[in-house]
Amino acid sequence: MGAFRFPVEPGHVLRFGRAIGLDPDPAELDELVPPLTFIRAAAQFDPEQWDQPSVPGSELHAEQHYEFHRPIRTGDVLVVSERPGDTWERDSRRAGKLRFCETITEYRSEGGDLAVTARMVLVTTERPVDPTGGGS
């Protein structure tokens, strides 16, 4: 998992804001604090983007947590790096063994100051789950 750069550009923040129903004033873009969910836009700059289509039902995005250490602002260039977190298993009657895998993503300024820590948990099922609730 290599690090990559995520530029927080005013135009990108404006388009993101409009896409989620905000109407930021373009004249104030240099002062704009991006919405908290903007951090997810970093995936567009990741050459190894994890959320590419996969086999349906085999892997699910189970949890997402963010800890903000400082506000993100237009003009920031964040260096994004990932590392593996915890892994654990649980048994499920419908899906067999569930394997949970955590990824920790850190967003730092180019000077190394921590801005955001994200924790994502993916779960892989041992067998496909019948969406109708049938089966064994």
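Only the coordinates and a few stated rules stand behind these numbers; no lab work does. Only a predicted model underlies this, so the values are computations on that prediction, with no experimental measurement involved. Cβ atoms come from the backbone with ideal geometry, glycine included; neighbour counts cover every protein chain shown.
Just a few scattered comments:
- In order along region 77-91, the Karplus-derived 3J(HN,Hα) couplings, from 6.51 cos²θ - 1.76 cosθ + 1.60 at θ = phi - 60°, round to 10, 9, 9, 9, 9, 10, 8, x, x, 6, 10, 7, 10, 9, 8 Hz, and Gly and Pro are given as x.
- Check: the chain dipole with +1 on Lys, Arg Cβ and -1 on Asp, Glu Cβ, in debye: 520
- The amide H of residue 76, built 1.01 Å from its N in the peptide plane, has 8 as neighbours under 5 Å, considering only residues 5 or more places off or on other chains.
- Dividing the summed -39500 (n - 2.57) terms of all DSSP H runs of n ≥ 4 by the residue count of the chain sets its mean residue ellipticity at 222 nm at -2000 deg cm²/dmol.
- With Cα atoms, 0 to 90° folded angle of helix 10-19 axis to the chain main axis: 50
- Compactness relative to 2.2 N^0.38 Å, alpha carbon Rg of the chain: 1.27
- Spin-label model, residue 4/residue 66: points 7 Å from Cα along the beta carbon direction are separated by 1.8 nm.
- Computed over neighbours whose Cβ is under 10 Å from that of residue 91, the net charge equals +1, Lys and Arg +1, Asp and Glu -1.
- Local net charge near residue 47, Cβ-Cβ under 13 Å (Lys/Arg +1, Asp/Glu -1): -2
- Remark on residue 62: its backbone amide H falls under 5 Å from those of 121, 122, 123, a criterion applied only to residues 5 or more positions apart or on other chains, H modelled at 1.01 Å from N.
- Under the Karplus curve 6.51 cos²θ - 1.76 cosθ + 1.60, θ = phi - 60°, whole-Hz ³J(HN,Hα) for region 113-129, x wherever Gly or Pro sits: 6, 6, 9, 9, 10, 10, 10, 10, 10, 10, 10, 10, 9, 5, 9, x, 9
- Cβ-based net charge around residue 2, under 15 Å, with every Lys or Arg adding one and every Asp or Glu removing one: -1
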